[in-house]
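These notes are about the structure you will find just below.
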Amino acid sequence: MTGPVVTVASLKGGSGKTTLACCLAVHWQLKGLRPLLVDADPQRSATRLAEREAALGGVALLEEADPGVWQAIKARRAGHGITIVDTPGFDSEITVAALAVADLVLIPVKASPLDVDRMMDTVKTLMSGVKGWAPTFRCVLTQTTPGSVIARHVRADLAESGFPLLAADMTNRVAYAEAALYGATPSLTAAEGPAAREIAAIADEAEALLSTKKALTA
Amino acid sequence: MTKRLPKTSTRTLDDLRDAASAALAEENRPKTRAPENPAADATAPTERTARDEKPDRLPEPVAPPKPAPTSLPAVAASVPAPSGLPTKAAFREACARLIIERHANFGAVAGLVPVPVVDLAAIAAIVERMLRKLSRLYGRPLDTDRSRRLATAMLTGMAAPGIASFTTNGLLKMTPGPHILGVALTSVSAVVLVRIVGEVYLEELQGEAA
């Protein structure tokens with residue numbers, strides 16, 4: 001069984017790439033998909049999280065912050081139901097390599113103009129970095145304040161400009177940082193909590209996209 | 001909305017797409033040597049606009065599909081100059097022709113397989129894949145089972161005039177000496193076969209669409 005590759009990429013630091021990647025990996029681990037989490041970020045954030053007590057619920061982790069990461073992914077993804085790649089938060093060959101093997105690219109973007117600008121640079125890299133071949137991508141609004149005007153405004157603007165967005169947001173919650181103290185994610189610490197439900201919603205959308213894509217290319 | 005906020009960004013996804021395709025075209029330009037390549041470059045933005053404009057154009061009556069051109073140069077002719085947007089039918093036909101060309105080229109490679117039965121199986125698989133792609137383009141997805149039967153039917157139907165050439169080639173391949181002769185023959189006949197099957201099926205699809 002060789003599953004699809006989901007790359008979480010954004011050229012903006014602090015947009016929530018590692019949090020999103022780890023949360024998705026743990027969610028899919030709890031669902032029994034046997035995910036592989038690839039830490040391609042030289043900051044080693046995901047690896048450091050996995051070194052803590054809860055070890056991300058035992059998710060298989062591959063640390064490979066190297067432009068050859070795509071080969072490592074190809075070699076190791078067999079036997080895993082899905083592969084999630086966390087990328088560096090700056091423009092690098094590693095990011096391009098991780099984008100090139102992706103079946104789906106998730107771009108976390110905060111509801112602020114600076115983040116939106118950088119998200120567009122990410123999309124540009126996505127389109128030009130891999131020689132005109134653009135994998136499926138979706139933006140995910142992260143760290144939003146629920147019900148805020150700016151969140152709704154940015155969502156409406158992005159939709160109007162044609163950028164595909166996931167319906168589910170990843171809202172700003174202390175649960176993520178609290179869970180990270182244990183090396184866990186909200187899905188492990190509070191499985192019924194609102195943060196875990198948000199992650200589940202994002203994961204469901206990603207799964208739906210991947211299965212649609214698989215059906216179209218079969 | 002309680003507050004009036006200015007736009008977050010003036011760039012749209014289409015701007016980024018255009019920039020990326022322009023950069024790609026720029027990159028490809030020095031390398032182009034065949035006359036067909038600039039045409040291919042020129043069609044890329046046109047196709048893109050056609051797709052993007054589609055929602056706006058829907059209320060307008062769609063132009064009737066053109067009669068299927070049979071000769072190869074018609075590919076270029078069926079794509080209008082960048083000034084006028086191609087009709088949906090013309091765009092689809094150009095796409096279909098690209099699919100057929102691509103699979104005919106696959107057929108050339110499959111024909112090179114120097115084992116008598118295996119190369120026929122490979123060609124059948126290519127034809128099947130081509131039929132599925134064409135059907136999807138025309139909004140009639142085929143399931144695998146049906147496409148396989150259709151491919152077999154079309155191949156055997158088509159192969160009737162060409163059957164002699166196939167069997168002699170099979171014999172040529174089994175004899176150890178004149179290998180090269182058999183290889184070249186099947187490669188060429190595979191291209192023709194795949195292309196004819198594609199053309200016939202495309203005509204059928206266009207007839208249904210009209």
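Rounded to the nearest 0.05, the FRET efficiency derived from the C-beta distance between A:Ile150 and B:Asn105 at R0 = 60 Å is 0.70.
Taking chain A as a Gaussian network of alpha-carbon nodes connected by springs under 10 Å, the highest mean-square fluctuation of the residues A:Glu93, A:Glu63, A:Glu192 belongs to A:Glu192. Ignoring aspartates and glutamates fewer than eight residues from A:Lys124 along the same chain, the ones with Cα atoms less than 12 angstrom from its Cα are A:Asp91, B:Asp14, B:Asp15, B:Asp18. Under a 5 Å amide H cut-off, with hydrogens placed 1.01 Å from N, A:Thr142 pairs with A:Val109, A:Lys110, A:Ala111, A:Met170 among residues at least 5 apart or on other chains.
Taking 15 Å as the straight-line reach from the Cα of B:Lys133, the aspartates and glutamates in range (excluding those fewer than 8 positions away in the same chain) are B:Glu93, B:Glu101, B:Asp143, B:Asp145, B:Glu199, B:Glu203, B:Glu204. Within straight-line reach of B:Lys7, meaning a Cα separation under 15 Å, sit the following aspartates and glutamates at least 8 residues removed in sequence or on another chain: A:Asp115, A:Asp117, A:Asp157, A:Glu160. Using r as the Cβ-Cβ distance of A:Arg76 and A:Gln43, and R0 as 35 Å, what FRET efficiency do you calculate, to the nearest 0.05? Here the calculated transfer efficiency is 0.95. Listed values for the range B:122-137 are Karplus-derived 3J(HN,Hα) couplings in whole Hz (6.51 cos²θ - 1.76 cosθ + 1.60, θ = phi - 60°), namely 5, 5, 4, 5, 5, 4, 4, 5, 5, 4, 5, 5, 5, 4, 5, 4, and x replaces Gly and Pro.
If R0 is taken as 30 Å, the Cβ-Cβ distance between B:Cys95 and B:Glu27 corresponds to a FRET efficiency of 0.80.
Largest GNM mean-square fluctuation across A:Ala100, A:Ala78, A:Ala151, computed for chain A with C-alpha springs under 10 Å, falls on A:Ala78. Per-residue extension of 0.36 nm, minus the Cα-Cα distance of B:Ala125 and B:Arg4, leaves a gain of 37.7 nm for this segment.
Sorting A:35-43, A:53-61, A:119-127 by their mean Cβ neighbour count within 10 Å, with the most densely packed peptide first, gives A:35-43, A:119-127, A:53-61. Of the residues A:Pro67, A:Gly16, A:Thr142, the one whose Cα sits farthest towards the positive end of the charge dipole of the range A:5-217 is A:Pro67 (charges of +1 on Lys and Arg Cβ, -1 on Asp and Glu Cβ, taken about the Cα centre). Out of every Cα-Cα pair that chain A contains, those further apart than 23 angstrom amount to 41 percent.
Any read-out appearing in this document is the output of simple, stated calculations on the displayed coordinates, not a laboratory observation. Treat the numbers as computed from the prediction; the structure is a model and nothing was measured. Cβ sites come from the backbone with ideal geometry, for glycine too, and all protein chains shown count toward neighbours.
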